[in-house]
Each structure stands twice: as structure tokens, then as C-alpha cells.
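Where a number appears in this text, it was derived from the coordinates with a stated rule and is not lab data. This is a predicted model, so every value here is computed, not measured. Every residue, glycine as well, gets a Cβ built from its backbone with ideal geometry; the counts of neighbours run over all protein chains shown.
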Amino acid sequence: MELKRKISLLRNASIAVAVVLAGCAESNPNQARAGSGEKFYAVVTDSAPFYRYAPQQANGPDMKLQKDRLMTLIRASVGYCKVKLTTGEQGFVANDDIRPASLALVAAATAPPTYLSRAAAFPFDSSDPRLVEPEESLPQFDPEPTPIPGLSPSGN
């Protein structure tokens, strides 16, 4: 009886190890992922036809995607897959035209824009004559109010 229990424990342990290893084999640390956990893919050909409604619609592709254009995979299929572009548009692209995107490409495309600080964009120590204080004082500007017709100056 003890031997059957040991065999059962060993079998269960080996199944658990196999499941864990299979799960690890599926994860690729070099595969870039979107914020929602989807994998990024990129166009690998010079240009790839993009179809909004169906891969073989009568009027041809809706647009051409340039090389290294990023997208996430919605649904894989034979020949074509449904993708979502970074602009939010969904459509179909040929499987042969896309591959998983590299980390460098995703990092370059999704990096937040860098802005110059206002101080760096506008040098205050400039020798621009428009920024130099005038040598003489400016005239005093003291306008007189314009009289309103029909109104007495005393306010009565």
C-alpha cells in the first residue's frame, strides 16, 4: 500500500513540474507587451496591405502599413490575422507581413515625448536687443477719459 502512495505522489509531482515548465516555455522575456498584456507585432516587409473589413474585399486594401508599424494581435487565423493598430483602428493583415516586435522598436515607439523646459527653450541671458532694458525711461502714459455726450462732468 505504501508503494502505491509513493508512486501516486511521484506521478502528481512530475505532472506539476511539467505544467510549470510548459508555462515557462510559453513566456518570452524578449517579447514586448502592451499595457493590457497583449503582445506587440510589427510589419516586417516594406509595406503591408491593411484591410478594415475583410482580407479580400472587392476594392483592395484600405491603406498600406509601413515597415516597423506596431500593432497588437486580436485574432490569428490562416493567411490573415485581425490586428489593432496603435491608433485604435482594427483590420486584417497578412500573417507573412508581421512578426513579434523587438523590445527596442516598442520602446522607441511608446516612449513618452520629451519636452524642453521653458528655461532651456528661452535663454534669459541672451544678448538679443529686444531683451535689454531701455536706457531712458519710457514716457508716462496718463490718458484722459473720453467725455460721454449728454453726461455732465459733475456727475449730477
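Computed extension length for D142-R5: 38.9 nm, one decimal, from 0.36 nm per residue of separation with the Cα-Cα distance subtracted. The lysines whose alpha-carbon is closer than 18 Å to the alpha-carbon of K82, local same-chain residues fewer than 8 away aside, are K39, K64, K67. When you count the other C-beta atoms within 10 angstrom of each residue and take the mean per peptide, 56-68, 93-105, 75-87, 139-151 line up highest first as 93-105, 75-87, 56-68, 139-151.
Here K84 is the anchor, and the aspartates and glutamates within straight C-alpha reach of less than 12 Å, apart from those fewer than 8 places off in the same chain, are E38.
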